[in-house]
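Reviewing the structure listed below.
The values are calculated or read from the model by the stated rules, or taken from the named source; none is laboratory data. Note that the structure is a prediction, hence the values are computed from the model and not measured. Backbone-built Cβ (ideal geometry, glycine too); neighbour counts: all protein chains shown. Surface accessibility is based on the protein's heavy atoms, side chains included, excluding ligands, DNA and RNA. Shrake-Rupley method; radii C 1.70, N 1.55, O 1.52, S 1.80 Å.
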Amino acid sequence: MTEYDDERTFEALPTPHGRGFAQTWWGQAWMKALEDTALDLAQLKNGRRLARAGSVGAVSVRPGRITAVVRDKDGTRHRSDVLLQELSDDEWDRFLGMAVERAGHIAALLDRDMPPHLLEDAAAAGVELLPGIGDLEPECDCEAWDHCGHTAALCYQVARLLDQDPFVLLLMRGRGERRLLDELQVRSVAHLATSDTEQPEAPEAPQEGVTASEAYADGAVLPPLPELPALPAQPGLPPSLDTETEPAPGVDVAALGFLAARAAAEAHRLLAEALAPGHDQQPVESPLTPEEDGVRLAAAAPDSVITDRLAAGSGRDREGLARAVRAWELGGRAALAVLEEEWAPEGEALARARASLDQAWDEDERPVLRAARNRWTVVGADAQLRHGRDGRWWPYRKERGHWMPAGPAAHDPATAMAAITVSE
């Protein structure tokens, strides 16, 4: 017999930032059950305020009960529970039988959708999934006899969880997702076997046709692909780390939160590139090295403690990291390579570099340059041109004894040199 873990715990949700607590119709139906049940409207208002303030901790969902710790404005913590009647075995039997008869209901649930006709068909089978007036029973250690601000806040947060996953409602009614899907699979197999028995027609004999590869190549066989989703206006919010549980020893919560935010921003950037025209023609870049990735993270201007850790982890001191960040902001990993690597142009690469320098200025305007490997320094001035392996020129200016990037790359040495003057 299969053992099922019929409890799920959801981390504390970030604040909704002006959005309603529920966007789906079933999430709104859950809130309506709360608001129609509660007798004290002031407590509902307090619950909305607590939920928006991020005062609801991790939410535990199990059959018949949801639980969370909710903090008051003064920091006092209260364990709050809301009870919902589980479906009986007979009601589950009717629901599962209805779902097997209508495969579209199962597909909708797997897509985290709950179409109205699923609830209508369930109701026709004598099964009410969504709660009604009086179905959400509160329990809180603040000893309120009705819904208090703590249980109301918990219900508002659960409305957001229901938006994301209607299986949360089914778990509260008594069946976890894995158990429910396993039972549906068993019933589906039995249903098909019954159908085959009732219709014992022999299958048609195989006919000669095309190979599988030819059939797959025929576009008429496959449905058209859906339109690509629109790029979100901004990166998503990472999960809140403000939980009721103390972090494990050695876990830096601030650093972990910073990494999560940067991961979301990087994912948004990569998605923007992937959706841009011609992306499929671009070469695949190699992964960043730890030293490069440390600079990328430092470019987000974290606090001084995280900056110190990034400097140490990338093998630089604070000043070295600041120079690397400036280079990164001007040209990413290519600019960082020009900052930290020296190489000697030879053969054709050297010939192209010299020709580029000769053609950049008229004879009487050309600055006097002293060459050292891929770096050409202006004699008598704090200006330098660095030649990249891709043939571009990078302007540098000496500041407090160090050569600092002074602008983006240019294909023309004179253009790159002009950036040094402009930035002064």
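Roughly how many Å is it from the Cα centre of region 30-88 to that of region 98-117, as a whole number?
If we compute the Cα centre of each part, the gap is 28 Å.
Choose one answer from Leu336, Leu288, Leu161: the residue with the largest mean-square fluctuation in a GNM of the chain with alpha-carbon springs under 10 Å.
Leu288
Leaving out ligands, DNA and RNA, and with a 1.4 Å probe, what % of the accessible surface on region 1-150 is carbon or sulfur?
Values: 3830 of 7880 Å².
Whole-percent figure for carbon plus sulfur exposure: 49.
Using the scaling law 2.2 N^0.38 Å as the reference, what is the normalised Cα Rg of region 279-424?
1.12
Which order do peptides 264-277, 295-308, 45-58 fall in by mean Cβ count within 10 Å, highest first?
45-58, 295-308, 264-277
Between Asp242 and Glu227, how many nm apart are label points set 7 Å from Cα along the C-beta direction?
3.8 nm
Within region 326-414, what whole-number % of the accessible surface is contributed by carbon and sulfur, with the 1.4 Å probe and all protein chains included in the calculation?
Numbers: 2240 of 4920 Å².
Of all accessible area on region 326-414, carbon and sulfur atoms account for 46 percent.
Separation between the Gln28 and Asp382 pseudo-spin-labels, each 7 Å from Cα along Cα→Cβ, expressed in nm?
Reported label-point gap for Gln28 and Asp382 is 6.4 nm.
Please label the shape of region 354-401 as rounded, prolate or oblate, based on the square roots a ≥ b ≥ c of the eigenvalues of the alpha-carbon gyration tensor (a/c under 1.5 means rounded; beyond that, a/b larger than b/c means prolate, else oblate).
Taking the square roots of the gyration eigenvalues as a ≥ b ≥ c, region 354-401 is oblate.
Picking from Ala406, Ala351, Ala38, which is most flexible by a Gaussian network model of the chain using Cα springs under 10 Å?
Among Ala406, Ala351, Ala38, the largest GNM mean-square fluctuation belongs to Ala351.
Along the Cα-to-Cβ line of Ala300, 7 Å from the Cα, sits a label point; which residues in region 245-287 have backbone N less than 15 Å from it?
Only 252-271 pass the distance filter.
First check a/c for region 33-172, with a ≥ b ≥ c the square roots of the eigenvalues of its C-alpha gyration tensor; if it is under 1.5, answer rounded, and if not, answer prolate when a/b is larger than b/c or oblate otherwise.
Since a/c reaches 1.5 and a/b is larger than b/c, the shape of region 33-172 is classed as prolate.
Starting from 0.36 nm per residue, how many nanometres of slack lie between Asp308 and Val284 once their C-alpha separation is accounted for? Working shown, then result.
Numbers: separation 24, 0.36 × 24 = 8.64 nm, distance 3.15 nm.
Using 0.36 nm per residue and subtracting the Cα-Cα distance, I get 5.5 nm.
Where does each of 231-237, 141-147 land if you order them by average Cβ count within 10 Å, highest first?
Ranked from most to least packed, the peptides come out as 141-147, 231-237.
Rounded, prolate or oblate: which one fits the chain, using the alpha carbon gyration tensor with axes a ≥ b ≥ c (rounded when a/c is under 1.5, else prolate when a/b beats b/c, else oblate)?
oblate
Which of the peptides 127-138, 360-371 is most tightly packed, and how do the rest follow, going by the mean number of other Cβ atoms within 10 Å of each residue?
Highest to lowest by the protection proxy: 127-138, 360-371.
Give me the 1.4 Å probe accessible area per residue for region 281-353, excluding ligands and nucleic acids, in Å².
Heavy-atom accessible area per residue stands at 58 Å².
Would you mind computing, in nm to one decimal, how far apart the modelled labels at Gln164 and Glu273 are, each placed 7 Å from Cα along Cα→Cβ?
Between Gln164 and Glu273, the label points sit 2.8 nm apart.
Averaged per residue, what accessible surface does region 66-126 expose to a 1.4 Å probe, in Å²?
Accessible surface, normalised per residue, equals 50 Å².
Once the piece of chain linking Ala261 and Gln359 is laid out straight, how much longer is it, given 0.36 nm per residue of separation minus the C-alpha distance between them?
Working it through step by step, the gained length comes to 30.6 nm.
Length gain on complete extension for the stretch Glu128 to Val253, per 0.36 nm per residue less the alpha carbon to alpha carbon distance? Could you put the intermediate results ahead of the total?
Values: separation 125, 0.36 × 125 = 45.00 nm, distance 4.28 nm.
So the extension gain works out to 40.7 nm.
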